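Participant: Could you have a look at this structure, given as structure tokens, before my questions?
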Amino acid sequence: MKRMKEITDKANKVLENADSSIYSGQRIDIVKLAKSFGFMVGISKKLPIREDGFIYVAPDGTKRIVVNKFRSVEDKRFTVAHELGHYFLHIEKADNLVLLREHKKDIKPTEKNFEDEADFFAACVLMPEQVFVAEKNKLTKAGYNENEIVSKLGETFGTNRETVFKRMEEVAIVQAQS
Ligand SMILES: [Zn+2]
């Protein structure tokens with residue numbers, strides 16, 4: 001992915017400007033964060049089973065993020081963060097109506113890069129590099145094995161195991177580049 005540094009900076013900026021009330025411990029209230037940018041955030045039980053959610057941004061200022069009701073709390077949180085990624089990286093300045101629906105399983109290769117970028121933004125917001133590394137090091141020092149560390153980091157940040165694993169790899173890449 002080409003824009004890792006840029007996306008990391010953007011995510012950090014969003015967090016720096018956010019109200020401290022979005023935090024409970026290290027976990028951020030992603031819905032509250034989305035609302036602070038004017039989004040209405042809802043859940044729907046009528047989305048197609050393979051669809052995670054969607055983002056809708058209209059020229060009149062209407063902004064909506066909807067997530068599939070039949071997803072875990074962790075997956076819902078990630079989807080909201082992913083949609084915010086699309087907003088900040090791909091559609092913030094659009095003056096046409098934008099509706100992006102999320103079907104992870106059959107995206108076209110041309111859309112893959114946008115999806116990867118939105119995923120990376122989501123990980124940066126939910127698991128900011130510095131606190132993520134600090135938590136991970138603390139757990140390593142305390143003698144937990146990798147499997148336990150992944151679980152505990154997931155509990156701390158409200159993310160699923162898959163995204164914690166991926167975040168560990170990303171952080172290693174980002175740190176190797178700097
Ligand atoms: Zn997407």
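Participant: In the set 123, 142, which member is of a type in the set (Gly, Ala, Ser) and either modelled with pLDDT under 95 or crowded, with 21+ Cβ neighbours inside 10 Å (or both)?
Facilitator: After applying the criteria, what remains is 123.
Participant: Residues of the range 15-31 being without any contact (Cβ under 8 Å) to a residue 60 or more places away in the chain and either within 15 Å of the ligand (Cβ to nearest atom) or β-branched (Val, Ile, Thr) (or both), which ones?
Facilitator: If the condition is that a residue be without any contact (Cβ under 8 Å) to a residue 60 or more places away in the chain and either within 15 Å of the ligand (Cβ to nearest atom) or β-branched (Val, Ile, Thr) (or both), then 22, 31 are the ones that fit.
Participant: Out of all the residues in the range 151-164, is one or more away from the ligand (no atom under 16 Å from the Cβ), closer than 18 Å to residue 4 by Cα and surrounded by 20 or more Cβ atoms within 10 Å (Cβ to Cβ)?
Facilitator: Checking the range 151-164: at least one residue is away from the ligand (no atom under 16 Å from the Cβ), closer than 18 Å to residue 4 by Cα and surrounded by 20 or more Cβ atoms within 10 Å (Cβ to Cβ).
Participant: Further, regarding this structure: Consider residue 42 carefully, then state whether it is among the small types (Gly, Ala, Ser), more than 15 Å from the ligand (Cβ to nearest atom) and assigned to a loop (DSSP other than H, G, I, E, B).
Facilitator: Considered against the rule, which asks whether it is among the small types (Gly, Ala, Ser), more than 15 Å from the ligand (Cβ to nearest atom) and assigned to a loop (DSSP other than H, G, I, E, B), residue 42 comes out as no.
Participant: Right, another one. Can you pull out the residues in the range 14-31 that are closer than 15 Å to residue 121 by Cα and surrounded by 11 or more Cβ atoms within 10 Å (Cβ to Cβ)?
Facilitator: 14, 15, 28, 30
Participant: Just one of 11, 34, 58, 81 is surrounded by fewer than 18 Cβ atoms within 10 Å (Cβ to Cβ) and in contact (Cβ under 8 Å) with a residue 12 or more places away in the chain; which is it?
Facilitator: Just one listed residue meets the conditions, 58.
Participant: Looking only at the range 7-27, count how many residues are over 15 Å from the mean Cα position of the chain (by Cα) and part of a helix (DSSP H, G or I).
Facilitator: Counting residues in the range 7-27 that are over 15 Å from the mean Cα position of the chain (by Cα) and part of a helix (DSSP H, G or I) gives 4.
Participant: Also: Test residue 50 against the stated conditions and say whether it is within 21 Å of residue 129 (Cα to Cα) and surrounded by fewer than 17 Cβ atoms within 10 Å (Cβ to Cβ).
Facilitator: It is false that residue 50 is within 21 Å of residue 129 (Cα to Cα) and surrounded by fewer than 17 Cβ atoms within 10 Å (Cβ to Cβ).
Participant: Scan (1) surrounded by 17 or more Cβ atoms within 10 Å (Cβ to Cβ); (2) over 21 Å from residue 157 (Cβ atoms) for the single condition residue 111 breaks and write down its number.
Facilitator: (1)
The values are calculated or read from the model by the stated rules, or taken from the named source; none is laboratory data. Given the structure is predicted, the values throughout are model-derived calculations rather than measurements. Positions of Cβ are backbone-derived with ideal geometry, glycine not excepted, and every protein chain shown enters the neighbour counts.
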